[in-house]
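Undergrad: My questions will all concern the structure given below.
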Amino acid sequence: MDKARILADGIEVWCAYDKLVKVDELIPHPKNPNTHPQNQIKILAQNIRYHGWRHPITVSKLSGFIVAGHGRLEAAQELGVSIVPVEYQDFVSEDNELAVLVGDNRLAELSSLDLNSLQDIVDRFKEDDFETILAGYEPTDLDALLGDKKPNFEDEAEKELSQSEVTIQAGIYRFRMSQEDFGVWIDKLKQEVGFDKESVIAEIPRRLSKYKKRRRAAMRRAGLLVTIEDVRNLADKGIPAKRKVPPHNCFRHSFPSYDIALHRNFQDTALKLSHKGTNILFEHYRGIAKKEDAEKYFNIYPSKMS
């Protein structure tokens, strides 16, 4: 088994570094826009204690400030260690230094997360009795993120379809579709907005706004008055507004309950509701409705609106 390069105050050092530096000699960058919640620091500290130092703290030779590794510095303070591995890098200008300072976190946010692949890794961790917190995930976070990997589908064909689905994360949005549909969708999107990643990500929020319009259209098909404009439009046509606006949040709460029951896909439902994640759906809407009731709900259509 390979040995660590050295021990730094009892912590193994596996990464390349220039010098072991005292914690109290390091200076956080005064313009650092990134913050680290205490829970994140505790998880990072656990990982450093277990895995050792896999990444050094990066300090600019230009300013003497930290440009990457502010969280690692706080984790070191959480662990109570006195020395940490540091690498020193050259920067040609302050703008160059600031770009690396901001981009260190920002670029990671632009990555895509395949939840099916993540589920496979988590399953392996469970088989090996390996704690997921050492990969940065608490069990409750994984439950909210992954949901039920293998729903109890009655239709075998549906099960085969679910196994060919892929969950994609772009920025704060997550959505799920079949591998084939995703390929067609992303190719079409690239043809329309360009092939660079930034253009594709910037287009997604605009596409999501279509769901809001669809929800309003669905409410109108159900004979519900959505806004005061609906009432005025009927009045202009000489039609009395017999139907009333639904109770506050009635449609908003009904839709996710039945949508989850029908499709069993938290990520897709979160997308339709423009939610940033699945936590609320997982905690408050799971198991509220049955699949057969959801099928009836989504097949309610008025003969006509008068």
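Undergrad: When residues of region 262-288 are filtered for being buried (at least 21 other Cβ atoms within 10 Å of the Cβ), assigned to a helix (DSSP H, G or I) and out of contact with any strand residue (DSSP E or B) (no Cβ under 6 Å at 6 or more places or on another chain), how many remain?
TA: Total satisfying the criteria: 4.
Undergrad: Can you tell me which residue in region 1-60 is farthest from GLY136 (Cα to Cα), limited to those that are among the β-branched types (Val, Ile, Thr) and under 23 Å from the mean Cα position of the chain (by Cα)?
TA: So the residue we want is THR35.
Here's the yes/no breakdown for (1) over 24 Å from THR132 (Cβ atoms); (2) in the same structural domain as LEU134 (by TED's automatic domain parsing); (3) surrounded by fewer than 13 Cβ atoms within 10 Å (Cβ to Cβ); (4) out of contact with any strand residue (DSSP E or B) (no Cβ under 7 Å at 6 or more places or on another chain):
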residue: HIS29; (1), (2), (3), (4): yes, no, no, no
residue: PRO56; (1), (2), (3), (4): yes, no, no, no
residue: ARG72; (1), (2), (3), (4): no, no, no, no
residue: ALA75; (1), (2), (3), (4): no, no, no, yes
residue: VAL81; (1), (2), (3), (4): yes, no, no, no
residue: GLU97; (1), (2), (3), (4): yes, no, no, no
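Undergrad: Got a sec? Which of LEU101, LEU62 is farther than 27 Å from LEU134 by Cβ, in contact with a His (Cβ under 7 Å, 6 or more places away or on another chain) and either among the aliphatic types (A, V, I, L, M) or not assigned by TED's automatic domain parsing to the domain that holds GLU12 (or both)?
TA: LEU101
Undergrad: Turning to a different aspect of this structure: Identify the single condition in (1) touching a strand residue (DSSP E or B) at 6+ places or on another chain (Cβ under 8 Å); (2) modelled with pLDDT of 95 or more that ILE48 does not satisfy, given that it satisfies every other one.
TA: Failed condition: (2).
Undergrad: Out of the residues in region 61-80 that are over 30 Å from the mean Cα position of the chain (by Cα) and not hydroxyl-bearing (Ser, Thr, Tyr), state the one that is farthest from ASP9 (Cα to Cα).
TA: Among those that are over 30 Å from the mean Cα position of the chain (by Cα) and not hydroxyl-bearing (Ser, Thr, Tyr), it is LEU62.
Undergrad: While we're here: Pairs under 6 Å by beta carbon, first residue of a type in the set (Lys, Arg) in region 52-63, partner part of a strand (DSSP E or B), six or more apart or different chains?
TA: Filtered contacts from region 52-63: LYS61/TYR88.
The values are calculated or read from the model by the stated rules, or taken from the named source; none is laboratory data. Note that the structure is predicted; figures quoted are calculated from it, not measured. Quick reminder, even Gly has a Cβ in these numbers, built from the backbone with ideal geometry, and neighbours come from all protein chains shown.
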